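I'd like to ask you about the structure that follows.
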Amino acid sequence: MAVATNGSPELLIVMATGATPDQTEHVLARLQEAGVDARVSRGRESTVIGAIGERELLATLPLEGYPGVEQVLPILKPYKLVSREVSPDPTVIEVDGRKIGDEYFGLIAGPCTVEYREQTLETARAVAAAGATWLRGGAFKPRTSPYTFQGLGEDALTILQEAREETGLPVVTELMDPRHVEAVLEAADVIQIGARNMQNFMLLAEVGRADKPVLLKRGPSASVEELLMAAEYVAREGNERIVLCERGIKTFERTTRYTLDLGSVAVLKHETHLPVIVDPSHAAGRRDLVLPLARAGAAVGADGIIVESHPNPEQALCDGPQQIPTAEFGEFAREVAQIAELLGKQIG
Ligand code: PEP
Ligand code: MN
């Protein structure tokens, strides 16, 4: 059978508003018989089938003639599985009942880096008390300088697990190296792919085969389309539980650490069904700007934020200037939640 091994959905089959479930099943059955992989999205307004296969194979099927089919369209965008065309309704990513996407605003918070047990537990308690959705914390750290603290590695994973046990918060941590995939998958509930690895295609494929959600950060020099193509690498392996994150890009501007590209959030919300969050901490690089950028992210329609907090930022081993003192985190969270609520979202 001429099944495309590297096929991507080439056609969108839009079912008529009044099409019956049987008619949709009929189309799916015909596609399956022909060896065409198909994915169905039953949206609020219409049912859409993405047909994955070689163009020639698809061309042999009289798709437009099947009962209930309204129209058949080519998918023009280079990203397919992550596009809104293929799945019109917003995706919600849920871990242990804690949700991000659509009406659920994700508050992902925690230390930049797991430094020691008490620092992490204290931060986890503070962000949990403030209503955080997931807990963040770096174990393997992508540092610009090889002479700076590189993270506690596997010891940090143990501390993060303890923090999850105590607070009940799902844990997000970064995977930098495919050799750590087993350890990170065992300890973490969500795997972070950091900005520097956004186009590490082997790593993307690796997490695409995992059965845990992925938090994929935009590379500082990557375009929106490149970010979506990176997400496509993950989705193509079967894992479509992806949260995208705008964390600032490199521009000529030096007053902030990176330039938070809020326009990209609006574009991403238009182009993809995946949740899109903002990282105001790494974008700002300084504490006093984290709240305004977080609020701006919420206002532009982001599905959440990922933000750093530390019991004593002055003593932090990494990113001290941008971390919010745990004592101030509750007030910070309240102020961001107010903006999210204006857009009809609640903290998930
Ligand atoms: C982080 O979130 O810990 C981090 C290192 O961020 P980024 O990959 O966006 O630089
Ligand atoms: Mn950091």
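Only one of these conditions is not met by Ala156: (1) under 21 Å from Met198 (Cβ atoms); (2) within 14 Å of ligand 1 (Cβ to nearest atom). Which number is it?
It is condition (1) that Ala156 fails.
Could you grab the pairs with beta carbons closer than 6 Å, sequence gap of 6+ or different chains, first residue in the range 66-87 and among the small types (Gly, Ala, Ser), second one assigned to a loop (DSSP other than H, G, I, E, B)?
Gly68/Ala16; Gly68/Ala19; Ser83/Lys77; Ser87/His273
Does Glu45 qualify as being closer than 24 Å to Glu271 by Cβ, in a loop (DSSP other than H, G, I, E, B) and either charged (D, E, K, R) or without any contact (Cβ under 8 Å) to a residue 24 or more places away in the chain (or both)? Lay out the reasoning, then the answer.
Working: closer than 24 Å to Glu271 by Cβ: yes; in a loop (DSSP other than H, G, I, E, B): yes; either charged (D, E, K, R) or without any contact (Cβ under 8 Å) to a residue 24 or more places away in the chain (or both): yes.
Yes, satisfied.
Here's another thing I want to ask about it. When the range 126-152 is examined, which residues are found to be away from ligand 2 (no atom under 16 Å from the Cβ) and over 20 Å from the mean Cα position of the chain (by Cα)?
Ala126, Ala128, Ala129, Ala130, Pro146, Tyr147
State which residue pairs qualify: first residue closer than 16 Å to Ala284 by Cα and assigned to a strand (DSSP E or B) and inside the range 300-321, second residue basic (Lys, Arg) and near ligand 2 (Cβ under 10 Å from one of its atoms) in any location, beta carbons under 6 Å apart, and separation of 6 or more residues or different chains.
Ile306/Arg136
If you check Arg30 against the conditions, is it closer than 21 Å to Ile242 by Cα and without any contact (Cβ under 8 Å) to a residue 40 or more places away in the chain?
Working: closer than 21 Å to Ile242 by Cα: no; without any contact (Cβ under 8 Å) to a residue 40 or more places away in the chain: yes.
Here the answer is no, as Arg30 does not meet what is asked.
Among the candidates Arg295, Arg257, single out the residue that is closer than 27 Å to Phe329 by Cβ, more than 16 Å from the chain's Cα centre (by Cα), assigned to a loop (DSSP other than H, G, I, E, B) and in contact (Cβ under 8 Å) with a residue 12 or more places away in the chain. Break it down into steps so the answer makes sense when it comes.
Values: Arg295 fails: assigned to a loop (DSSP other than H, G, I, E, B).
Result: Arg257 is the single residue among Arg295, Arg257 that is closer than 27 Å to Phe329 by Cβ, more than 16 Å from the chain's Cα centre (by Cα), assigned to a loop (DSSP other than H, G, I, E, B) and in contact (Cβ under 8 Å) with a residue 12 or more places away in the chain.
Follow-up question, since we're still on this one. Residue by residue through the range 207-222, note down the ones that are in contact with a Lys or Arg (Cβ under 8 Å, 6 or more places away or on another chain), more than 9 Å from ligand 1 (Cβ to nearest atom) and either more than 22 Å from Lys99 (Cα to Cα) or not in a strand (DSSP E or B) (or both). Full working, then the answer.
Of the residues in the range 207-222, the ones in contact with a Lys or Arg (Cβ under 8 Å, 6 or more places away or on another chain) are 208, 212-214, 217-221.
Okay, now just the ones that are also more than 9 Å from ligand 1 (Cβ to nearest atom), so 208, 212-214, 221.
Hits for the range 207-222 are Gly208, Lys212, Pro213, Ser221.
Suppose we filter Leu185, Leu157, Leu204 for residues that are at pLDDT 95 or above, assigned to a helix (DSSP H, G or I) and more than 20 Å from the chain's Cα centre (by Cα); which single one remains?
That would be Leu157, the only listed residue that is at pLDDT 95 or above, assigned to a helix (DSSP H, G or I) and more than 20 Å from the chain's Cα centre (by Cα).
So is Ala183 in contact (Cβ under 8 Å) with a residue 12 or more places away in the chain, away from ligand 2 (no atom under 15 Å from the Cβ) and not charged (D, E, K, R) or not?
yes
Among the candidates Arg209, Arg143, single out the residue that is under 20 Å from Pro280 (Cα atoms) and not small (Gly, Ala, Ser).
Numbers: Arg209 fails: under 20 Å from Pro280 (Cα atoms).
After ruling out the rest, the residue left standing is Arg143.
Which condition number in (1) assigned to a helix (DSSP H, G or I); (2) more than 21 Å from the chain's Cα centre (by Cα); (3) crowded, with 19+ Cβ neighbours inside 10 Å is the one that Val336 fails?
Unmet condition: (2).
Out of (1) modelled with pLDDT of 90 or more; (2) under 30 Å from Lys212 (Cα atoms), the odd one out for Val3 is which?
(1)
Here's a follow-up. May I ask you to list the residues in the range 98-128 that are within 16 Å of ligand 1 (Cβ to nearest atom), surrounded by 24 or more Cβ atoms within 10 Å (Cβ to Cβ) and outside any helix (DSSP H, G or I)?
If the condition is that a residue be within 16 Å of ligand 1 (Cβ to nearest atom), surrounded by 24 or more Cβ atoms within 10 Å (Cβ to Cβ) and outside any helix (DSSP H, G or I), then Ile100, Gly106, Leu107, Ile108, Ala109, Gly110, Pro111, Cys112, Thr113, Val114 are the ones that fit.
The values are calculated or read from the model by the stated rules, or taken from the named source; none is laboratory data. Please read these numbers as outputs of a predicted model, since none were measured by experiment. When we count neighbours, we look across all protein chains shown, and the Cβ atoms used for this are built from the backbone with ideal geometry, even at glycine.
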